[in-house]
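The values are calculated or read from the model by the stated rules, or taken from the named source; none is laboratory data. Predicted model only: the values in this text are computed from it and were never measured. All Cβ positions, even for glycine, are placed from backbone atoms using ideal geometry, and neighbour counts span all protein chains on display. With ligands, DNA and RNA removed, areas are computed over all heavy atoms of the protein, side chains included. Shrake-Rupley method; radii C 1.70, N 1.55, O 1.52, S 1.80 Å.
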Amino acid sequence: MSNISAEIIRKYLNNNDAEIKVFDCIDSTNSEAKRAVEAGLCRDAIFVAEKQTAGRGRCGKSFYSPSGTGLYFTAVLHPETGLGDATGITAAAAVAVADIIVEETKKDPKIKWVNDIFIGKKKVCGILAEAVADSDFSVKALIVGIGINLTTEVFPEELADIAASVGEIDRNKLAGKIFVKLKQFCDALPCRSFMEDYRRYSLILGKTITFSRNGIDYTAEAENISDDGSLEVVTDKGEKMLLNSGEISIKAK
Ligand code: BTN
């Protein structure tokens, strides 16, 4: 796979003057981006690494980030929205990645609520969006971390049955195109127009899912994902529930 290059990423940015930082090896591009924002970075920026030694996932999990076989990418964005609207960036990022996988591969990516991208039955991409808030609770920056397995063939044992790779895509092009799409979606954060596509890409709508809340296990139908990203389900006891976060599984038939 060709090397990551700031110069080549820039060619795909449609004249956006975002700062681009490329690392051979870093603990986590999200952590590095956060450190940069806390040290005063106030422009939009892209952080990309060949390899992460402490890639972070949601719910305190790690993200497997071996050298040269994936895109480990973080966008630092400054949308002019309050924290409420800014939370939509997670869904927006999932749609951005799915759109670009379709454009570049013609494969059929699906979004597993909240924001994992699947091809077939396996996860190929995870997204970790974080906000850095100002002292007045306004959004100082959004840190949108995206990890895509591209040509990783061998996964650690605990991931072997659940993770897969998309196949080779030029990482510079992928990073540039994802950033441009994220910037477009930033303008749509207040109206959430990208949620229509989010629902279209959904892996779970209409399916039977299982989840646990407050120590209770539930089986339910996934009925709708509202524009604020919450999942509306009806349990097998007929109870309507609204899920805002957390893990769900698709029930095996
Ligand atoms: C998940 O699967 O729960 C989210 C994984 C997010 C991984 C990406 S890789 C680039 C960025 N840096 C990190 O440490 N995490 C995100």
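General observations
- In region 59-69 there is at least one residue matching the filter, namely being within 12 Å of the ligand (Cβ to nearest atom), open to solvent by less than 20 Å² (accessible area, probe 1.4 Å) and not aromatic (F, W, Y).
- Across region 28-43, not a single residue is classified as within 22 Å of L189 (Cβ to Cβ), touching a Pro at 6+ places or on another chain (Cβ under 8 Å) and open to solvent by 40 Å² or more (accessible area, probe 1.4 Å).
- Qualifying residue in region 27-40 (condition: more than 12 Å from the ligand (Cβ to nearest atom), touching a residue at least 24 places away in the same chain (Cβ under 8 Å) and over 11 Å from I143 (Cβ atoms)): no
- Each residue in region 14-27 was checked for being outside any strand (DSSP E or B) and either among the basic types (K, R) or surrounded by fewer than 18 Cβ atoms within 10 Å (Cβ to Cβ) (or both), and 7 of them qualify.
- Looking only at residues in region 134-158 that are open to solvent by 50 Å² or more (accessible area, probe 1.4 Å) and in contact with a strand residue (DSSP E or B) (Cβ under 9 Å, 6 or more places away or on another chain), the one that is farthest from T81 (Cα to Cα) is D134.
- Selection from region 164-202 of residues that are hydrophobic (A, V, I, L, M, F, W, C), open to solvent by less than 20 Å² (accessible area, probe 1.4 Å) and within 15 Å of the ligand (Cβ to nearest atom): V166, L174, A175, I178, F179, L182
- The set of residues in region 73-96 being of a type outside the set (A, V, I, L, M) and either out of contact with any Asp or Glu (no Cβ under 8 Å at 6 or more places or on another chain) or open to solvent by 40 Å² or more (accessible area, probe 1.4 Å) (or both) consists of F73, H78, E80, T81, G82, G84, D85, T87, T90.
- Hits in region 217-242 (condition: in contact with a Ser or Thr (Cβ under 8 Å, 6 or more places away or on another chain) and either without any contact (Cβ under 8 Å) to a residue 60 or more places away in the chain or open to solvent by 50 Å² or more (accessible area, probe 1.4 Å) (or both)): D217, Y218, T219, A220, E221, D228, E232, T235, D236, M241, L242
- Looking across region 108-126, the residues that are surrounded by 14 or more Cβ atoms within 10 Å (Cβ to Cβ) and either of a type in the set (K, R) or without any contact (Cβ under 8 Å) to a residue 60 or more places away in the chain (or both) come down to K110, K112, N115, D116, I117, I119, K122, K123, V124, C125.
- A131 being surrounded by fewer than 23 Cβ atoms within 10 Å (Cβ to Cβ) and within 13 Å of S31 (Cα to Cα): yes
- From D161, D99, residue being more than 16 Å from the ligand (Cβ to nearest atom), open to solvent by 10 Å² or more (accessible area, probe 1.4 Å), out of contact with any Ser or Thr (no Cβ under 9 Å at 6 or more places or on another chain) and more than 20 Å from A6 (Cα to Cα): D99
- In region 107-148, the qualifying residues are those that are more than 9 Å from the ligand (Cβ to nearest atom), among the basic types (K, R) and out of contact with any helix residue (DSSP H, G or I) (no Cβ under 8 Å at 6 or more places or on another chain), and the one that is modelled with the lowest pLDDT is K121.
- Filter result for the condition that a residue is under 30 Å from E196 (Cβ atoms), of a type in the set (S, T, Y) and part of a loop (DSSP other than H, G, I, E, B), over T90, T74, T81: T81
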